[in-house]
Structure formats: C-alpha cells, structure tokens
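The structure appears below as structure tokens.
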Amino acid sequence: MEIDGEEARLQRKQATYIFLDEPFEIQKETYRGQQYSQIYFARLHLMRALLYSLVPNWKPHLPICTVLELEEGRECVIIGTLYKHMKLKPSILDEYSKERSTTPLVKPHNFMHPDDHLVLEDESGRVKLGGAELLPSAYVTGIVVALHGKETSAGEFLVLDVLDAGLAPQKELPLNSGEDKYVVLVSGLNVGSGTSNPLQFQLLVDHITGHLGDEKEQGIAAEIVHVVIAGNSIEIPRGLLNGQNLASKDQSRLFEPIKELDILLTQIAAGVPLDIMPGPNDPANFSLPQQPLNRCLFPGSATYNTFRSCTNPHCFELDNVRFLGTSGQTIDDLQKYSEANDQLEFMERTLRWRHLAPTAPNTLGCYPFTDRDPFLVESCPHVYFAGNQQKFETRLLKGSDRQLVRLVCIPKFSETGVAVVVNLKNLECHTLSFGTQFS
C-alpha cells in the first residue's frame, strides 16, 4: 500500500573531530631499565620554568632560592617537588619485614594520618615544610609548587603562602552556533559481570541509534554526534586467570564478554562515531598511559571508520570544544592519599596543578618516560571527565583568565544505569537514566 508523501527522514548531525592522543601514545619509547627519577626531573624542569614566570607578579620583592641557599629568618621563594611522608602508606617491604608490623590496620580506601607531613625537594636538597598555609591533607607526592616562607631555627621551612600553576591557557570557546549537538559519556559497562544488565545496555544503544521512543525522542537521538566509553567495558572472570593453560570451554568463557560487547558496539558504530578507552579491568596494559585496546578484540566494530580505540587518558576536539578525560584511576588514587569534599574537587586540583596524574609514578603505575611528562596539562580543556565514579557529579569551573571548564564524574553504568550527556553548544550537562525494574 502506498502512502501519499514521503516519510520524514531524520539526518544525524555531524561534528568535526580532531584526535589529540599523540602525547599518550608509546611508539618510539624504548625501555632500557631507566629509573622513575627521570620523569620527576622532566616534570620539575617544565613546571619550574612556568612558575618562574608567575613569581614576579605574585611576590615581586622576594628572591627565588634553591633549598641549599636557604638562610634562617630570610624570606624567599622556593620552587620544587612536594613529597608527602605518610605513616600509613602501604609498602611492599613490609611483607619482608622480620618483625611483625605494629602499624594499625587502615581502611583500604584512604591512608591519611594526622602525623603526615610534607617535604619540598629540588636538585640541591630537601627541606621539611611547616605552617598552617600548606595542609598535608590537600596535597600529594609529585606536585611542583612555589612556596613563600623562611627557614626556622629548627631547620624547617615555614610556609607563608603557596602558588600553584593554576589553570592552563584555554582555547576560546566557539561562538554559540544555536544548534544543539550532544556527546554521550558512559563508563563501567562491565559486560560479563554479575552487576551488568544486558537489557539496560541495549536500551542505551537503542536510544543512541534512534530505535527507541517516538519522533521527538528520535529527533533528540539524531542530535547525538559522538559517544565516548571511558573504561571498564568488560569484566573477565578472574577465576580463569590462574596462570594455568585454559581448556577450550574456558577459552570461550573468557572471550564471551568481549564478543557480547563487540555486538553492541557494532550497533553504535554503524550510526555514531565512537571512542573506547581502556580502564583498569580491561585487557590492556596496567600502567598509564594505557594504550588502545587491540582492534582484533572488536572484529565487528573495527570494520567501521567511526570506531576508534583510544588511549587512557584521552584528548580530542569536537567542533573546537576540547575534551580531556581518564577512566578514573587518577582520581581514585588521589582519594587514597589526600582528602577533598567530593570527587570534583580532586578533578579541579589536577587542573590547577596542571597535571593529570600527580601521584604517578609514586603510587600510580606509569611508563618510565625519560625526557617528557605526557600528563602535564598544557591547554585547558572545555570538558574534563573522569570515568567509573560512584555517582554522577558535575560543576562548571571558572578560571582567573576567563577559562570555563565543565567537570564531569561519569558513574558506573552497570551499577547505576546512568550515562552523561554534554551539549557542545553551551556545555550544559544532564543524565540519561535507564531502568529495567517495573514497580
């Protein structure tokens, strides 16, 4: 039967994509047994040059000294790397101690103690820091700062003021185009785990691809221009990975979650550009920056040029709006070794310190780079996200130089059924919530 008039067909909106993951890719690096001290030297060298340029506007009347040049009672500015001495910090050496440790049991999610203190270190030496201006609870090992203060008779440096690098320069946001374009951020799919709900994930896929809801709903779906999956996409049964050869039936069990994920990703990639990042539970290298998941894991999705396997951290631009994010390890590690009101405060600190992973390599695994530190933030993003968090949180951060950053904590989808949507037009943010329970 013919129907008069042609059926209205929705066209999906497009956005110009620029891939910016090159600094996080390990290509020509060669491991020759180098130590981690070199990444700290590279970090100090680059950050000190930046802080040197900021000090004349901050404390123009004070000289900049090295730790070795400190004199008792003389006020000055020192620049160096912070080291946090932590009483409860776990150490592999404790396992080999001849005497049973007297350290009290600690909560596995935080190793803070009232006796923790900070030390500042440069090439010439190190000095213990004192004073109420620099709270140990707010800092971690690996941050480069400038401190105003003076040496006391006890040999400590009494801190009177602190200067961190602040937000990096930001590319101006494109002029308001008046057109809504959405980016979907999701993490913690955990396909194959006990908490994963296949129907919930299928509902998300159907919404993104426009197979859900009425014309209005499909019209909104047509405005989705990009999807980012921020880590922990699959969960491999841990009991199988015991170092023994796998039987053929166990091999199929091992690959089942990956096959299931690929089927669903193929549906998304058929209609929308898709970026997938590795997370701590995915079959990727452990150390940051995590390299892209091998495309052979996704025989269906990888046939589409819309499918991209990316690094963690991941950086890209869509219509000149810069996105930067991780799968959550950097923020989770900060939570173990410092304190804040919420996860967004940890994220804000990393931007103000201009470093994505300040605790690497001290307590967070990373590759031993020799001449660079890829985690330094040289250009401030417009959207900064962290995956695999306990709940959705967002805030708009404003910098002193008119920077504007949308901070986003992406919750674990397998536990919450929540994905996050960011509008490229105005950086507004809301959630998509999928439930399969009927009341």
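The values are calculated or read from the model by the stated rules, or taken from the named source; none is laboratory data. Since the structure is predicted, the reported quantities are computational estimates derived from the model, not experimental observations. All Cβ positions, even for glycine, are placed from backbone atoms using ideal geometry, and neighbour counts span all protein chains on display. The protein model used for the area step is the full one, side chains on, heavy atoms only, and it has no ligands, DNA or RNA in it. Shrake-Rupley method; radii C 1.70, N 1.55, O 1.52, S 1.80 Å.
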Here Rg/Rh (Cα, Kirkwood) for the stretch 292-338 equals 1.12
With -39,500 (n - 2.57) per DSSP H segment of 4 or more residues and division by the full residue count of the chain, the 222 nm estimate, nearest 500 deg cm²/dmol, is -6000 deg cm²/dmol
To the nearest 0.05, the calculated FRET efficiency linking residue 436 and residue 404 through their beta-carbon distance, R0 being 45 Å, is 0.75
For the stretch 269-276, in residue order, the Karplus 3J(HN,Hα) values (coefficients 6.51, -1.76, 1.60; θ = phi - 60°; whole Hz; Gly and Pro = x) are 5, 5, x, 9, x, 9, 10, 10
Between residue 195 and residue 153, Cβ-based FRET efficiency (R0 41 Å, step 0.05) works out to 0.10
Share of accessible surface on carbon and sulfur in the stretch 105-237, whole %, 1.4 Å probe and ligands ignored, is 52
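Quick one: which of 13/391; 216/412; 216/398; 171/391; 59/398 span more than 32 angstrom between C-alpha atoms?
216/398
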One finds, for residue 68 and residue 220 with R0 = 60 angstrom and r their Cβ-Cβ distance, a FRET efficiency to the nearest 0.05 of 0.45
Here the gain from full extension of residue 110 to residue 342, 0.36 nm per residue of separation minus their alpha-carbon distance, amounts to 82.1 nm
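Would you mind calculating the gained length between residue 320 and residue 335 on full extension (0.36 nm times residue separation, minus the Cα-Cα distance), in nm to one decimal?
Result: 2.2 nm gained on full extension.
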At q = 0.20 1/Å the base-10 log of I(q)/I(0) from the Debye formula over the alpha-carbon atoms of the stretch 339-420 is -1.00
The stretch 106-175, Kirkwood Rh and Cα Rg, ratio Rg/Rh at 1.10
In terms of the alpha carbon gyration tensor, root eigenvalues a ≥ b ≥ c, rounded if a/c is under 1.5 and otherwise prolate when a/b exceeds b/c or oblate, the stretch 307-383 is oblate
Going residue by residue through the stretch 352-364, the Karplus relation 6.51 cos²θ - 1.76 cosθ + 1.60 with θ = phi - 60° gives ³J(HN,Hα) values, rounded to whole Hz and with x marking Gly or Pro, of 6, 7, 6, 8, 5, 9, x, 7, 7, x, 5, 10, 10
Non-local residues with an amide H under 5 Å from the amide H of residue 181, with H modelled 1.01 Å from N and Pro and chain starts lacking one, are 424, 425
By the C-alpha gyration tensor axes a ≥ b ≥ c (rounded if a/c is under 1.5, else prolate when a/b exceeds b/c, else oblate), the shape of the stretch 296-439 is rounded
Quick calc of log₁₀ I(q)/I(0), the stretch 248-308, Debye, one scatterer on every Cα, no solvent, q values 0.14, 0.17, 0.29 1/Å, result -0.42, -0.61, -1.21
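Could you state the accessible area per residue of the chain in Å², with a 1.4 Å probe and every protein chain left in place?
In whole numbers, the chain has 50 Å² accessible per residue.
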Excluding ligands, DNA and RNA, the carbon-plus-sulfur percentage of the accessible area of the stretch 344-404 with a 1.4 Å probe reads 43
Ratio for the chain, C-alpha Rg to 2.2 N^0.38 Å, reads 1.10
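Taking only the C-alpha atoms, wrap a convex hull around the stretch 261-361 and report its volume per residue in Å³ as a whole number. All intermediate terms of the calculation are to be shown ahead of the outcome.
Values: hull volume 12.1 nm³, N = 101.
It is 120 Å³ per residue.
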Reported to the nearest 10 Å², residue 12 has, with a 1.4 Å probe, an accessible area equal to 50
